[in-house]
1. Give me the strands (runs of 3 or more DSSP E) completely within region A:2-87, filtered to those with at least 2 residues that are among the aromatic types (Phe, Trp, Tyr) and buried (at least 21 other Cβ atoms within 10 Å of the Cβ), ordered by residue number.
2. Checking B:Phe183 against (1) open to solvent by 50 Å² or more (accessible area, probe 1.4 Å); (2) at pLDDT 90 or above, only one condition comes out false. Which one?
3. Search region B:166-175 for residues being under 29 Å from A:Arg147 (Cβ atoms) and modelled with pLDDT of 90 or more, and hand back the single one that is farthest from the other protein chains (Cβ to nearest Cβ).
4. Consider region B:31-69. How many of its residues are without any contact (Cβ under 8 Å) to a residue 40 or more places away in the chain and over 20 Å from B:Leu154 (Cβ atoms)?
5. How do the pairs read when you match residues in region A:200-221 that are in contact (Cβ under 8 Å) with a residue 40 or more places away in the chain and closer than 22 Å to A:Gly40 by Cβ with residues anywhere that are assigned to a loop (DSSP other than H, G, I, E, B) and open to solvent by less than 40 Å² (accessible area, probe 1.4 Å), using Cβ under 7 Å and keeping only pairs 6 or more apart or on different chains?
6. Before we move on, is B:Leu163 under 20 Å from B:Ala42 (Cα atoms), touching a His at 6+ places or on another chain (Cβ under 9 Å), more than 14 Å from chain A (Cβ to nearest Cβ) and surrounded by fewer than 24 Cβ atoms within 10 Å (Cβ to Cβ)?
7. Of the residues A:Thr79, A:Thr100, only one is more than 8 Å from every other protein chain (Cβ to nearest Cβ), out of contact with any Leu (no Cβ under 9 Å at 6 or more places or on another chain), within 30 Å of B:Phe178 (Cβ to Cβ) and modelled with pLDDT under 85; which?
Amino acid sequence: MERLMECHELSFAYEGVTVVSALDFAINQGDYLFVMGENGAGKTTLINGLLRLIEPWTGGVFMAQGFSRSDIGYLPQQTAAQKDFPAGALEIVLSGFLPTCGLRPFYNREEKKMAASALRRLGVHDLRNRCFRELSGGQQRRVLLARALCAARRMLILDEPTAGLDPMAAEGLYALLRELNDGGMAVVMVSHDLHGAARHASHILHLGGAEPFYGSLEEFRATETGGRLFLRVAGRGREEGDAIG
Amino acid sequence: MVELFLLLSKSPSHAIELLSEGGSYTIKLLSEMFAYVFLVRALAVGLLVSLCAALLGVSLVLKRYSMIGDGLSHVAFFALALATALHAAPLPVAVPVVVLAACLLLRLSERSKIKGDAAIALISTGALAVGVIIISKSTGMNTDVCNYLFGSILAMRVSDVILSVILSVMVLVLFVLFYNKIFAITFDEGFARASGVNTNGYNLLIAMLTALTIVLGMRMMGALLITGLIIFPALSSMRVCKRFGRVVVCSAVVSVLCFFLGVVASYVFSIPTGACVVAVNIVAFLVFSFAGVLKESLEL
């Protein structure tokens with residue numbers, strides 16, 4: 001497996017207060033990394049750091065040779081300004097090709113075709129000419145995901161991808177991610193949907209608590225925190241099952 | 001104008017009669033106006049500046065940076081006061097000061113303990129206060145001050161015309177060649193930055209062009225009114241248009257039309273130009289808001 005990114009002694013701080021401390025981990029081609037942690041544990045901060053949107057406090061994010069920021073597709077959390085932004089869904093998806101555009105001022109036919117197929121993949125192709133602000137929360141999320149797909153050549157970084165999606169759509173999303181991951185795409189995901197997101201994860205990064213944890217899903221389940229978290233989810237799942245049964 | 005077109009579509013013969021009457025009046029009025037060289041100069045600068053203001057305004061309004069225009073115009077007032085006190089030409093003093101302020105405001109709204117709008121309010125009132133002090137200690141509070149605050153159509157010189165041509169070429173080139181990047185930065189700055197777009201560079205460029213637009217436009221429009229030129233066209237077109245590109249084009253057209261009508265109205269009714277242009281923009285905003293509501297109810 002080819003190494004794409006390595007983080008050594010990585011810490012982030014806001015105004016002198018450490019948010020994420022001393023992380024050591026690597027992302028390889030084909031990895032599926034699930035970043036978990038409580039609110040305020042620094043998940044989004046870490047993602048911004050991986051994307052080099054913020055400078056680390058200590059340590060660093062090292063990209064392997066031949067891998068760059070423009071190989072990454074990124075799904076951010078939604079900003080308030082986007083809620084009333086006048087834009088067509090297709091033009092938003094097309095902006096995923098910005099990194100490959102360079103100085104070329106317009107998108108080419110190939111890119112337009114790929115944008116349309118990304119929309120089709122997420123089941124929102126009919127909405128391509130609709131105005132973004134008129135779409136529902138879940139539809140907006142899928143349009144932004146389509147944009148991330150267009151940008152992602154070797155790695156997808158997703159911040160709460162299933163927020164606002166109904167269970168069916170979330171399932172579809174996980175299946176799509178699985179398919180992409182099987183094709184060699186590295187996936188890094190922050191999510192509160194522990195059960196859904198951890199199912200396909202190859203690695204877990206747990207932030208917060210005394211010691212951050214990085215390792216495989218099995219290793220995490222064997223730890224005290226991991227065992228407790230997964231037991232709780234599994235338990236809840238069983239109760240729901242019983243109630244239905 | 002609008003009524004005329006409506007009439008033209010309903011009863012052509014009657015409308016043509018009216019049109020020829022109104023037309024001859026309009027032609028007489030315009031030829032009378034264009035006989036004044038200062039008015040032609042003011043119109044040239046004003047039309048170009050309102051075009052630039054509208055284009056830049058779309059990005060500023062959507063990024064919630066509208067107040068930057070307001071802050072910059074107050075800083076420009078300070079710069080003009082300084083230039084008057086130093087007996088210097090206004091542009092060489094105002095351009096660097098306001099461009100510098102634009103960089104500072106951008107930095108402040110991005111990361112500082114005092115958040116965006118408060119920081120801008122701080123700078124704009126501060127600059128206004130210092131400007132007033134400078135004026136009262138040098139030339140005294142006279143009609144110059146009034147002209148700076150509310151604008152004067154007599155202020156435009158040939159150098160302003162040249163500078164506004166250069167500015168509008170720059171803004172147009174920016175919007176044509178980098179349209180996609182400006183769209184991406186305006187819609188989702190984080191994503192654009194993660195894609196390797198130099199967002200800070202573009203933001204700085206937009207802020208600097210805005211600064212230039214304000215310096216050029218404010219002596220005609222007035223420090224207190226120039227922001228209207230930046231935010232109104234964008235807000236009006238956003239009522240009706242649902243694509244970024246259409247909003248940009250529509251704002252440019254609305255802005256230029258409103259400016260022209262505003263100048264004509266200010267000539268006819270002898271009202272200060274700046275106030276007149278903003279008033280026409282308000283009417284356009286109301287019309288567009290109504291059209292937007294109508295359009296939505298028709299679609300539903």
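1. Working: elements: A:3-14, A:17-28, A:32-36, A:58-63, A:72-75.
Because the criterion is at least 2 residues that are among the aromatic types (Phe, Trp, Tyr) and buried (at least 21 other Cβ atoms within 10 Å of the Cβ), the strands (runs of 3 or more DSSP E) in region A:2-87 that meet it are A:32-36.
2. (1)
3. At the first step, the residues of region B:166-175 found to be under 29 Å from A:Arg147 (Cβ atoms) are B:171-175.
The next check asks that each one be modelled with pLDDT of 90 or more; those that pass are B:171-173.
On the way: B:Val171: 15, B:Leu172: 13, B:Val173: 10 Å.
Result: B:Val171.
4. Applying the first criterion (without any contact (Cβ under 8 Å) to a residue 40 or more places away in the chain) to region B:31-69 yields B:31-32, B:34-37, B:40.
Imposing the further condition that a residue be over 20 Å from B:Leu154 (Cβ atoms) reduces the set to B:31.
Looking only at that region, the number is 1.
5. A:His206/A:Gly37; A:Leu207/A:Gly37; A:Leu207/A:Ala41; A:Leu207/A:Gly42; A:Gly208/A:Gly37; A:Gly208/A:Ala41
6. Working: under 20 Å from B:Ala42 (Cα atoms): yes; touching a His at 6+ places or on another chain (Cβ under 9 Å): no; more than 14 Å from chain A (Cβ to nearest Cβ): yes; surrounded by fewer than 24 Cβ atoms within 10 Å (Cβ to Cβ): yes.
Answer is no for this residue.
7. On the way: A:Thr79 fails: more than 8 Å from every other protein chain (Cβ to nearest Cβ).
It is A:Thr100.
Residue-by-condition table, conditions (1) touching a residue at least 12 places away in the same chain (Cβ under 8 Å); (2) over 29 Å from A:Leu194 (Cα atoms); (3) at the interface with chain B (Cβ under 9 Å from one of its Cβ atoms):
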residue: A:Thr45; (1), (2), (3): yes, no, no
residue: A:Pro56; (1), (2), (3): yes, no, no
residue: A:Gly88; (1), (2), (3): yes, yes, yes
residue: A:Glu110; (1), (2), (3): no, yes, no
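The values are calculated or read from the model by the stated rules, or taken from the named source; none is laboratory data. These numbers were taken from a predicted model, which means no experiment stands behind them. No Cβ is skipped: glycine too gets one built from the backbone with ideal geometry, and neighbour counts run over all protein chains shown. Heads up: the accessible areas ignore ligands, DNA and RNA and are worked out on the full protein's heavy atoms, side chains in. Shrake-Rupley method; radii C 1.70, N 1.55, O 1.52, S 1.80 Å.
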